[in-house]
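Read through the structure below, which is laid out as structure tokens, and then see the notes.
The values are calculated or read from the model by the stated rules, or taken from the named source; none is laboratory data. Bear in mind the structure is a predicted one, so any value in this text is a computation, not a measurement. Here Cβ is always computed from backbone atoms with ideal geometry, including for glycine, and neighbour counts include all displayed protein chains.
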Amino acid sequence: MSDRKKLFDEISALSTEQRNKNSMNIDNATVSEIIRIINEEDKTVPLAVEKELPYIENAVEIIVHSLKNGGRLLYFGAGTSGRLGVVDASECPPTFGTPFGMIEGFIAGGREAMFRAQEGAEDKEENGAIDVIKVKVNRKDVVCGIAASRRTPYVVGAIKMAQKLGAKTLYITCTPRNSFNIDKVDIAICVDVGPEVIMGSTRMKSGTAQKLVLNMLTTASMVRLGKVYENMMIDLQMTNKKLEERSKRIVMTITGVTYEEAEKYLLKSKGHVKTALVMIIAKVGLREAKLRLKKSDGFVRKAIWNE
């Protein structure tokens, strides 16, 4: 069998490449009918994600352990999957105050592929392996492959090389678990979304599913790292006017101080919301607040009560 025929058969067998019986007549539908078909199919995605919650939980535990011990979370994907990884990683520093480089996303074809499709870039395993080597993946890191089809060569190559280098490996895909055949992945998250509304258009339900999983991975990890108090982001970086005002509002909401007082304490803490909160609630100075946060491993509740 030729390589092309083998690839054809492999793609043809994917669940996301099957025809969706609920959208067979979408080309003859009104706009109202089209968007209702899409909406009905989208409703199935969270339920598919729900079935994978135990695996997502295990993945979070691996990520938290890695980040606590000097490791990184690194996403590797192509096309929509790659873009989603880059977006999720890029939003962590302003949202949770993570250092740049702790969570990163890589896409087949490089930065240009974020804005313009570089379809051929995903076809070689060695491209993924090279990118893994370039960022010096090591045993402390977690490498997460993202590929709706689970077969994308760039992603498979990245995972294989990460395994050789001793990193923990995760894989997010949108095909059934019984079809997942990539050896030795520590955790596979297989969100079976079924056939897309438009056959093979994995930017749709598959993309939505991957986004939901990525939200869970990083948000749950950040909560477990002490970057959330109650349900508010308290380790955000005041890098623009919106985030400056959000920081003040968070301090005001948690402590009950006035706008002016929140501004004053944020100035004292050099824009560090956690420190400002401990100073206000525990009624301590800057130095003591910092010491308490260090002792509590960054958890504000523990720092306030000096546990």
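Which of (1) surrounded by fewer than 16 Cβ atoms within 10 Å (Cβ to Cβ); (2) in contact (Cβ under 8 Å) with a residue 40 or more places away in the chain is the odd one out, the single condition GLU307 does not satisfy?
Every listed condition holds for GLU307 apart from (2).
Can you name the number of the only condition in (1) under 15 Å from the mean Cα position of the chain (by Cα); (2) surrounded by fewer than 16 Cβ atoms within 10 Å (Cβ to Cβ); (3) within 30 Å of ASN25 (Cβ to Cβ) that LEU212 fails?
Failing condition for LEU212: (2).
Out of region 98-135, which residues are outside any helix (DSSP H, G or I), in contact (Cβ under 8 Å) with a residue 40 or more places away in the chain and surrounded by 22 or more Cβ atoms within 10 Å (Cβ to Cβ)?
THR98, ILE103, PHE106, ALA108
How many of the residues making up region 11-51 are under 26 Å from the mean Cα position of the chain (by Cα), assigned to a helix (DSSP H, G or I), surrounded by 12 or more Cβ atoms within 10 Å (Cβ to Cβ) and polar (S, T, N, Q)?
Final tally of qualifying residues: 2.
Regarding region 236-250, can at least one residue be identified that is in contact with a helix residue (DSSP H, G or I) (Cβ under 9 Å, 6 or more places away or on another chain), small (Gly, Ala, Ser) and closer than 28 Å to GLU61 by Cα?
no
So in region 142-174, with the set limited to residues that are surrounded by 24 or more Cβ atoms within 10 Å (Cβ to Cβ) and touching a Lys or Arg at 6+ places or on another chain (Cβ under 6 Å), which one is nearest to GLU52 (Cα to Cα)?
Among those residues, the one meeting the criterion is THR173.
Filter region 189-205 for residues that are buried (at least 19 other Cβ atoms within 10 Å of the Cβ) and under 19 Å from TYR75 (Cα atoms); which is nearest to the chain's Cα centre (by Cα)?
The selected residue is ILE189.
Since THR239 meets every condition but one in (1) in contact with a Cys (Cβ under 8 Å, 6 or more places away or on another chain); (2) exposed (fewer than 15 other Cβ atoms within 10 Å of the Cβ); (3) β-branched (Val, Ile, Thr), which condition does it not meet?
Of (1) in contact with a Cys (Cβ under 8 Å, 6 or more places away or on another chain); (2) exposed (fewer than 15 other Cβ atoms within 10 Å of the Cβ); (3) β-branched (Val, Ile, Thr), only one is false for THR239: (1).
Determine whether region 73-88 contains at least one residue that is in a loop (DSSP other than H, G, I, E, B) and either free of Cβ contacts under 8 Å to residues at least 24 places away in the same chain or more than 20 Å from CYS174 (Cβ to Cβ) (or both).
No, every residue in region 73-88 fails to be in a loop (DSSP other than H, G, I, E, B) and either free of Cβ contacts under 8 Å to residues at least 24 places away in the same chain or more than 20 Å from CYS174 (Cβ to Cβ) (or both).
Please work out which one of (1) within 17 Å of GLY97 (Cβ to Cβ); (2) modelled with pLDDT of 95 or more; (3) outside any helix (DSSP H, G or I) is the condition GLY271 fails and give its number.
Tallying (1) within 17 Å of GLY97 (Cβ to Cβ); (2) modelled with pLDDT of 95 or more; (3) outside any helix (DSSP H, G or I), GLY271 fails exactly one: (2).
Would you mind stating whether THR169 is out of contact with any Phe, Trp or Tyr (no Cβ under 9 Å at 6 or more places or on another chain), over 26 Å from ARG19 (Cα atoms) and hydroxyl-bearing (Ser, Thr, Tyr)?
Criteria met by THR169.
How many residues, within region 183-195, are modelled with pLDDT of 95 or more and of a type in the set (D, E, K, R)?
2
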